[in-house]
């Protein structure tokens, strides 16, 4: 036990030595009169001058304004090169103050330090008095000891006595509204010094606001923000400034509480009351007014005693008039005349008298009705193609400030797309669409979207397409009926056909498959072939819109051409088809005469595309027919004329038979000779094809006349001989 007591006494002695060593080397600064050490710091003592001494980490309170004085460093033995460094709202009082750049004290054991405003605020007299320091400061005292640099640092907080800034913010509170209240940043306006902030203490705030998600403070706590609930009660808001107010205590860091603090001495308050509510309207301001209505009204109880109602409608041009409603005169009627303007606007009620003016804003939007209309623009029409783009439609007159939305009825039209559907001009694009739809425009404000103006847009039927079996080669005969057809077009209710000259329709003429009659071949002997024609067809809708482009079908004719051959023994009739004209290129499979299949005989000659008949009686119109095969399809075409020659022996006269003229060889390869035995005045020959086209003209001499290099294709040709005023036509065959 004795040993244990001895060891314990030695331990206590060691602690005493260590503690004495630490406290013996802790340095302090003595504060001037008026200043108080609130937090002692290492080695310091709390209290005013002369007992108050502040150590490293301590806090000193300094009166503001005009506070400060001589601070004295209590150095350790051997300390040299004592320096003073000031930050925040402090300055050396022995130098001429210069705003924004406080001066630093000279080296030495003492420094004359005052409160000094580095950032002038624009209220009261501070802009002329730098002794309004307000924000905290910090002092660093450095010194050398035995070759080592050392320092202590302490904070200086201000004790305020005059010119405390008021709380800024509305005096009236409305339900479900966010509010911010702030004070001038007198204790936190030097964040760049990085020495921290002095404190703000907000109080009096209802617990329901403090606990709401809408409550927050600024970084330095110089402002608070909250959102009121559905029910509002009045309260008094208080803000106290400064950690050392009063100067003898450390109030700690910033706080926000419900209870009003009784310990702080530098405080301001603001009474917050419930804002006046909107009147209980008998006729409330309308959310929507139709564009064809220029006057509307609002009816409400007269303003309570002490309050004044003022109505305005800024930037609208609307004329507002108010008047009491008899006989009781307890209500007021506000009449609003828009002057014919279709623009929206704001109707504003300002209530004054109890607190800050309360402003109630009523947005007046417009229902889109007459005089607005939808019209095509940019060359567009109400008939558009099934696939198209850039069809534009505009609401007129100008929509002004109205917010609008374009849409279709029905709501979704296959293949129809709208662009720029919230502007005054909408673009309609289509892809393989059909039928018709309504294009509407209305207000995009939900409360005003029940009315609209519109136009009906009809989709043109697409251009028809001819069926695969529709012929492009048409036999000409008498009679001749041909059915042409196009594929049915979506949305088409009828079709309009345009036919070549000489054509007619005998049935289903407004349908997709009419019966058309080509012209009958009534051409005379040697008449030229009839030119090709074009059939046009467009599709029509019930709305009257038609295909933008007509379908076209070029038709060519398969026809028999007749000619009469004259010879010394009589006349022969010749029937021919041109088999090499595209697209009607083909072959003749057979000929029929008066219903019987023709074959070569003494009076019948079939060669290539030509049939020659000789005899006493010519077949009637339609009596000679050819079966013409094109791409495996057989077309039958018949003659529509009677040959003009007189069959049998040729009569004497100016066209009597020419003797002494021989054409050989016949048939030939296109090169042949005409032998003339004799003539008195002249002899000529004209070479033509079966259609009568002249291929060559020759002056003949007595003897052999060689015809060469004409390059004739296979087929039948005619040679018209003229000798001393007499004529005769002979046929040659080219193989």
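The values are calculated or read from the model by the stated rules, or taken from the named source; none is laboratory data. What you are looking at is a predicted structure, and each value in this text was computed from that prediction instead of being measured. Neighbour counts run over all protein chains shown; Cβ positions are idealised from the backbone, glycine included.
Counted as qualifying within segment 531-591 are the strands (runs of 3 or more DSSP E) with 1 or more residues that are touching a strand residue (DSSP E or B) at 6+ places or on another chain (Cβ under 8 Å), closer than 20 Å to residue 470 by Cα and at pLDDT 75 or above, namely 533-540, 551-558. The residue of segment 400-442 that is nearest to the chain's Cα centre (by Cα), among those that are without any contact (Cβ under 8 Å) to a residue 24 or more places away in the chain and assigned to a strand (DSSP E or B), is 419. Where strands (runs of 3 or more DSSP E) fall wholly inside segment 67-133, no range has 3 or more residues that are exposed (fewer than 14 other Cβ atoms within 10 Å of the Cβ) and modelled with pLDDT under 80. Any residue in segment 170-180 that is under 28 Å from residue 267 (Cβ atoms), at pLDDT below 80 and touching a strand residue (DSSP E or B) at 6+ places or on another chain (Cβ under 9 Å)? Checking segment 170-180: not a single residue is under 28 Å from residue 267 (Cβ atoms), at pLDDT below 80 and touching a strand residue (DSSP E or B) at 6+ places or on another chain (Cβ under 9 Å). For segment 221-237, name all the residues that are in contact (Cβ under 8 Å) with a residue 40 or more places away in the chain and closer than 14 Å to residue 181 by Cβ. Within segment 221-237, 222, 223, 224, 225, 226, 227, 228, 237 meet the criteria.
Being farther than 30 Å from residue 623 by Cα, surrounded by fewer than 17 Cβ atoms within 10 Å (Cβ to Cβ), assigned by the TED database to the domain that holds residue 510 and modelled with pLDDT under 90, is that true of even one residue in segment 470-490? For segment 470-490, residues farther than 30 Å from residue 623 by Cα, surrounded by fewer than 17 Cβ atoms within 10 Å (Cβ to Cβ), assigned by the TED database to the domain that holds residue 510 and modelled with pLDDT under 90: present.
Here's the yes/no breakdown for (1) modelled with pLDDT of 90 or more; (2) assigned by the TED database to the domain that holds residue 574; (3) in contact with a strand residue (DSSP E or B) (Cβ under 6 Å, 6 or more places away or on another chain); (4) surrounded by 12 or more Cβ atoms within 10 Å (Cβ to Cβ):
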site: 679; (1), (2), (3), (4): yes, no, yes, yes
site: 685; (1), (2), (3), (4): yes, no, yes, yes
site: 698; (1), (2), (3), (4): yes, no, yes, yes
site: 702; (1), (2), (3), (4): yes, no, yes, yes
site: 722; (1), (2), (3), (4): no, no, yes, yes
site: 727; (1), (2), (3), (4): no, no, no, yes
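The C-beta contact set for segment 536-554 (first residue at positive phi and in the same structural domain as residue 505 (by the TED database), second residue part of a strand (DSSP E or B) and buried (at least 18 other Cβ atoms within 10 Å of the Cβ), distance under 9 angstrom, 6+ apart or interchain) comprises 544/383; 544/458. Residue count for segment 409-426 under the criterion of being buried (at least 19 other Cβ atoms within 10 Å of the Cβ) and within 22 Å of residue 370 (Cα to Cα): the result is 1. Being over 20 Å from residue 258 (Cα atoms), in contact with a helix residue (DSSP H, G or I) (Cβ under 9 Å, 6 or more places away or on another chain) and in contact (Cβ under 8 Å) with a residue 12 or more places away in the chain, is that true of even one residue in segment 211-220? No, there is no match, as no residue in segment 211-220 is over 20 Å from residue 258 (Cα atoms), in contact with a helix residue (DSSP H, G or I) (Cβ under 9 Å, 6 or more places away or on another chain) and in contact (Cβ under 8 Å) with a residue 12 or more places away in the chain.
Considering segment 285-306, and only residues there that are more than 39 Å from the chain's Cα centre (by Cα) and loosely packed, with under 14 Cβ neighbours inside 10 Å, the residue that is nearest to residue 365 (Cα to Cα) turns out to be 301. Scanning segment 250-264 for residues that are modelled with pLDDT of 90 or more and either outside any loop (DSSP other than H, G, I, E, B) or buried (at least 17 other Cβ atoms within 10 Å of the Cβ) (or both) yields 251, 254, 255, 256. Residue count for segment 335-362, restricted to those that are under 21 Å from residue 304 (Cβ atoms), within 34 Å of the chain's Cα centre (by Cα) and either without any contact (Cβ under 8 Å) to a residue 12 or more places away in the chain or surrounded by 17 or more Cβ atoms within 10 Å (Cβ to Cβ) (or both): 2. With respect to the conditions (1) without any contact (Cβ under 8 Å) to a residue 12 or more places away in the chain; (2) more than 30 Å from residue 632 (Cα to Cα), residue 468 falls short on a single one, namely (2). No other residue among 276, 246 is more than 55 Å from the chain's Cα centre (by Cα) and either in contact (Cβ under 8 Å) with a residue 60 or more places away in the chain or surrounded by 14 or more Cβ atoms within 10 Å (Cβ to Cβ) (or both) apart from 246.
All of 528, 619 fail the test of being outside any strand (DSSP E or B), under 20 Å from residue 475 (Cβ atoms), in the same structural domain as residue 469 (by the TED database) and at pLDDT below 85, apart from 528. Number of residues in segment 312-333 that are crowded, with 17+ Cβ neighbours inside 10 Å and either under 18 Å from residue 365 (Cβ atoms) or touching a residue at least 60 places away in the same chain (Cβ under 8 Å) (or both) equals 3. The number of residues in segment 364-387 being surrounded by fewer than 17 Cβ atoms within 10 Å (Cβ to Cβ) and more than 17 Å from residue 442 (Cβ to Cβ) comes to 5.
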